[in-house]
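Read through the structure below, which is laid out as structure tokens, and then see the notes.
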Amino acid sequence: MVWVGSLFGSGIDIIDEKNGTFKTVSKENGLSSTNINILFTDSRNRIWISFVRNSILDVIDQDAGTIKHLDSAQ
């Protein structure tokens, strides 16, 4: 799978090359913002997302199908 984050776009686009599918994860799906700065995959297959101009990190757990929000301002 290819994960593409956009700086001023719709959020994260996920392209599954094997199945030929495409989907978007956006604020409507639970992201904190659509202004993606960095995407990182950890050893547990979670996607960490940092955003432009805020102190929130989102974590997508692909196995559980969840998005958690971590805010350093709290």
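For the range 2-40: of the residues being charged (D, E, K, R) and more than 14 Å from Gln62 (Cβ to Cβ), which is most open to solvent (accessible area, probe 1.4 Å)? Only one residue tops the list, namely Lys18. Which of the residues spanning the range 1-21 are at pLDDT 85 or above and either farther than 24 Å from Arg53 by Cβ or hydroxyl-bearing (Ser, Thr, Tyr) (or both)? The answer is Val2, Ile15, Asp16, Glu17, Lys18, Asn19, Gly20, Thr21. Reported count of residues in the range 37-74, each being over 18 Å from Lys27 (Cα atoms) and small (Gly, Ala, Ser), is 4.
Selection of the range 7-28 for residues being over 10 Å from the mean Cα position of the chain (by Cα) and not basic (Lys, Arg) yields Leu7, Phe8, Gly9, Ser10, Ile15, Asp16, Glu17, Asn19, Gly20, Thr21, Phe22, Glu28.
Checking each residue in the range 2-49 for being hydroxyl-bearing (Ser, Thr, Tyr) and not in a loop (DSSP other than H, G, I, E, B) picks out Thr21, Thr24, Thr41.
For the range 41-60, the criterion of being open to solvent by 90 Å² or more (accessible area, probe 1.4 Å) and either in contact (Cβ under 8 Å) with a residue 24 or more places away in the chain or under 13 Å from the mean Cα position of the chain (by Cα) (or both) is met by no residue. Listed by first and then second residue, the pairs linking a residue in the range 1-21 that is aromatic (Phe, Trp, Tyr) to a residue that is assigned to a loop (DSSP other than H, G, I, E, B), with Cβ atoms under 9 Å apart and 6 or more places separating them unless they lie on different chains, are Phe8/Thr34; Phe8/Asn35; Phe8/Val52.
The values are calculated or read from the model by the stated rules, or taken from the named source; none is laboratory data. Quick caveat: nothing in here was measured; it's all calculated off a predicted structure. Using ideal geometry, Cβ is built from the backbone for each residue, glycine included, and neighbour counts are taken over all protein chains shown. Just the protein is used for accessible areas: all its heavy atoms, side chains included, with ligands, DNA and RNA removed. Shrake-Rupley method; radii C 1.70, N 1.55, O 1.52, S 1.80 Å.
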